[in-house]
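The values are calculated or read from the model by the stated rules, or taken from the named source; none is laboratory data. Keep in mind that this is a model prediction, so the values were computed, not measured. Cβ: placed from backbone, ideal geometry, glycine included. Neighbour counts: every protein chain shown.
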Amino acid sequence: MTRIVARDIPPRRSWALEQQGLHPLLARIYAARGIESAAELDYDLKSLLPPASLTRANEAAALLADALEAEARILIVADYDCDGATACAVGLRALRAMAQGSGAEIGYLVPDRFVHGYGLSPSVVELAATMSPDLIVTVDNGIASVEGVARAHELGVAVLVTDHHLPGETLPDAECIVNPNQPGCGFESKCIAGVGVMFYVMLALRAELRARGWFAPENGRAEFNLATLLDLVALGTVADVVRLDRNNRILVSQGLKRMRDGKLTPGIAALFRAAGRDPAKATTFDLGFMLGPRLNAAGRLADMSLGIECLATDDAARALNIAQQLDALNKERREIEAGMQEQALAALEHVDVADTAGIALFEPDWHQGVVGIVASRIKEKLHRPVFAFARADEETDDGSGQLRGSGRSIPGLHLRDALDLVSKRAPGLLKKFGGHAAAAGVTIDEADFPRFRELFAAVADELLAEDDLTRTLHTDGTLESGYFSLETARLLENEIWGQGFPAPLFEGRFTVEQQRVLKEKHLKLRLRAGGLRFDAIQFNFGEAPGDEVRAAYRLSVNEYNGVQSVQLMVEHLQNV
């Protein structure tokens, strides 16, 4: 069951925003999202939170500056998703530019998710040691790598951790940790992505080097313009689905502005081309649903080094060649995902979802790199927190092997906290776990899967209220007939929307004049409301509608044979 609820729109707040110059429709939409002043929508770079407010960013800058002065070997150890890849590319580009003229060497290493698992594990450190680094810098990982940091120290390697994930009870004994979620950090943007954290560290490093005279004319080094990295920061921020608070919206807005102005890194430009999208019209949709999945495909099916090379190279031809490889990998990923999702739904045919608060799924032939997407798809379909597991390469003492699971949650259940509760109730059941409120990962013995499934369902049942198990769509109410226009659709598309700051969703009653199914899973509609008619589409629809429907939809621009028209992107249909 899905419940459609209109957001509360405080009339005084909406009126005040309109008086400050906002378009009347935008004033209404922003008022419903808690915006009280047009100044909150000022996305100029000068409005960013200062780097000094990020705890230990200045210490990290000093550590890196010392390494550059000592002509050290710096090795970035990245995570294998889009956030990790963009964070790594930010570090590589900034450090290499700022190291110019010195003997410092900047390299990177990204773990193979199928061999090393997540984070700076001891095995990753030992692999890194073959490259003889003096300093390891983690990006988008490391906050839980207690053993890995200890192993680095045994090998005489210093470690700087930059991360944004929630810490465990024990922090790694690194030389420096920069993470807004570590105890005692007063940085206001707790939801900044890993790429955002690395960008802030690079801002602090530039200031530190400036204070040391590193960029003095006699040294022949020009100051690096860190704004050139904002397209990377925007992509990683949107693709990691972090909450778009004001600070994140500034980063994303500035990145999109550079894309629209044609100021892209070659890799980002190549990804746009491979996806068939125009960067001059770049939106958050492009970043989250077009570019992000193509980068993530490398980490899911192959090696994220491919994605990092795409983002780090200045050779446009090489970037395009890699982007085309990433596009092919993404198509393969979609095919694998479709088969796994079909198996998952078949396995759930005999499960009474109404009596199940939490779901755990496993099939022996599932692909490790795609289980997270499958968990997400099933979560969306059933509105339940879901874990999907695949076999890992490690074997247990009895030779039965281990499973790696990826989970996605719904509002009301903090997934990492749920795993923590499972681990306390069944010590030893979870070999490793970590993550966020909405997404988490876990490793268990294959023989323990039935036990995990039962415990996770029980914990979810305890933590979720009955109302949480009903999907709620929050809309911005009905849309006046005068706003069904290309002008309005473009106006809305050009704003910054994302997690925690959702794109406008409207509702209305329509007569269904035509309907047909595309590719056996998408519903193409012709809808009428009063004297207006609209083309509409619902992706992955559940069942065909009747003659009269209530729809929750977004306005979009549809382009066909060079002609643009308004199209309704239907999120939900119900008969009336």
*Of everything in the range 498-540 that's assigned to a strand (DSSP E or B) and in contact (Cβ under 8 Å) with a residue 60 or more places away in the chain, which residue is farthest from Arg28 (Cα to Cα)?*
Arg509
*Can you tell me which of Ala388, Ala328 is over 20 Å from Asp83 (Cα atoms), small (Gly, Ala, Ser) and touching a residue at least 40 places away in the same chain (Cβ under 8 Å)?*
Ala388
*asked:* Filter the range 251-285 down to the residues that are closer than 26 Å to Ser189 by Cβ, of a type in the set (A, V, I, L, M) and surrounded by fewer than 23 Cβ atoms within 10 Å (Cβ to Cβ) and list them by number.
replied: Leu264
*Select from the range 160-185 the residues that are closer than 16 Å to Pro51 by Cβ and either out of contact with any Pro (no Cβ under 9 Å at 6 or more places or on another chain) or not in a loop (DSSP other than H, G, I, E, B) (or both) and list them in ascending order.*
Leu160, Thr162, Cys176, Ile177, Val178, Pro180, Cys185
*asked:* What's the number of the only condition in (1) touching a strand residue (DSSP E or B) at 6+ places or on another chain (Cβ under 9 Å); (2) free of Cβ contacts under 8 Å to residues at least 40 places away in the same chain that Ala78 fails to meet?
replied: (2)
*Only listed residue being under 21 Å from the mean Cα position of the chain (by Cα) and at negative phi, chosen from Leu301, Leu345, Leu361*: Leu301
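Would you point out the residue of the range 35-67, among those that are in contact with a helix residue (DSSP H, G or I) (Cβ under 8 Å, 6 or more places away or on another chain), part of a loop (DSSP other than H, G, I, E, B) and not charged (D, E, K, R), that is surrounded by the most Cβ atoms within 10 Å (Cβ to Cβ)? Lay out the reasoning, then the answer.
Narrowing the range 35-67 to residues in contact with a helix residue (DSSP H, G or I) (Cβ under 8 Å, 6 or more places away or on another chain): 35-38, 40-41, 43-45, 47-49, 51-52, 54, 57-58, 60-62, 64-65.
When the remaining residues are screened for being part of a loop (DSSP other than H, G, I, E, B), the result is 35-37, 43-44, 48-49, 54.
Those still in the list that are not charged (D, E, K, R) too: 35, 37, 43, 48-49, 54.
Values: Ile35: 21, Ser37: 12, Tyr43: 18, Leu48: 19, Leu49: 17, Leu54: 26.
Ranking the candidates gives Leu54 first.
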*Qualifying position, being within 26 Å of the chain's Cα centre (by Cα) and within 20 Å of Ala144 (Cα to Cα), among Lys431, Lys424*: Lys431
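Yes/no per residue for (1) crowded, with 17+ Cβ neighbours inside 10 Å; (2) of a type in the set (Asp, Glu); (3) closer than 20 Å to Ala78 by Cβ; (4) in contact (Cβ under 8 Å) with a residue 40 or more places away in the chain:
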position: Gly168; (1), (2), (3), (4): no, no, no, yes
position: Val178; (1), (2), (3), (4): yes, no, yes, yes
position: Phe187; (1), (2), (3), (4): yes, no, no, yes
position: Val201; (1), (2), (3), (4): yes, no, yes, yes
position: Ala204; (1), (2), (3), (4): yes, no, yes, yes
position: Gly213; (1), (2), (3), (4): no, no, no, no
position: Gly220; (1), (2), (3), (4): no, no, no, yes
*Filter the range 407-447 down to residues that are of a type in the set (Asp, Glu) and over 17 Å from Glu169 (Cβ atoms) and give me whichever is surrounded by the most Cβ atoms within 10 Å (Cβ to Cβ).*
Asp445
*asked:* Here is a check on your reading of the model: is Leu429 of a type in the set (A, V, I, L, M, F, W, C), in contact with a strand residue (DSSP E or B) (Cβ under 8 Å, 6 or more places away or on another chain), more than 15 Å from Leu555 (Cβ to Cβ) and in a loop (DSSP other than H, G, I, E, B)?
replied: yes
*Please verify whether the range 503-524 includes one or more residues that are in contact with a helix residue (DSSP H, G or I) (Cβ under 8 Å, 6 or more places away or on another chain) and not assigned by TED's automatic domain parsing to the domain that holds Arg243.*
yes
*Would you tally the residues in the range 554-576 being over 16 Å from Phe506 (Cβ atoms), surrounded by 11 or more Cβ atoms within 10 Å (Cβ to Cβ) and within 32 Å of the chain's Cα centre (by Cα)?*
4
*Only listed residue being in a helix (DSSP H, G or I) and either out of contact with any strand residue (DSSP E or B) (no Cβ under 9 Å at 6 or more places or on another chain) or under 29 Å from Ser14 (Cβ atoms) (or both), chosen from Arg490, Arg451*: Arg490
*Out of (1) closer than 16 Å to Leu63 by Cα; (2) surrounded by fewer than 21 Cβ atoms within 10 Å (Cβ to Cβ), what's the single condition that is false for Leu135?*
(2)
_Residue, modelled with the lowest pLDDT, within the range 1-18, restricted to residues that are surrounded by fewer than 16 Cβ atoms within 10 Å (Cβ to Cβ) and part of a loop (DSSP other than H, G, I, E, B)_ = Met1
*Has the range 436-445 got any residue that is out of contact with any strand residue (DSSP E or B) (no Cβ under 9 Å at 6 or more places or on another chain) and within 21 Å of Ile336 (Cα to Cα)?*
no
_Can you find a residue that is on the phi < 0 side of the Ramachandran plot and more than 31 Å from the chain's Cα centre (by Cα) anywhere in the range 498-509?_
yes
*Cβ pairs under 7 Å, 6+ apart, first in the range 19-34 and assigned to a loop (DSSP other than H, G, I, E, B), second among the aliphatic types (A, V, I, L, M) and modelled with pLDDT of 95 or more*: Gln20/Ala38; Gly21/Ala38; Leu22/Ala38; His23/Leu491
*Just a yes or no: is a residue in the range 472-480 assigned to a helix (DSSP H, G or I), surrounded by fewer than 19 Cβ atoms within 10 Å (Cβ to Cβ) and either touching a His at 6+ places or on another chain (Cβ under 9 Å) or at pLDDT 95 or above (or both)?*
no
*Mind telling me which of the residues Ala551, Ala458 ends up being within 25 Å of Leu382 (Cβ to Cβ), out of contact with any Ser or Thr (no Cβ under 6 Å at 6 or more places or on another chain), aliphatic (A, V, I, L, M) and crowded, with 19+ Cβ neighbours inside 10 Å?*
Ala551
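Based on this model, can you work out whether Ile373 counts as under 19 Å from Asn540 (Cα atoms) and among the aliphatic types (A, V, I, L, M)? I'd like the intermediate steps shown before the answer.
Working: under 19 Å from Asn540 (Cα atoms): yes; among the aliphatic types (A, V, I, L, M): yes.
Judged against the criteria, Ile373 is a match.
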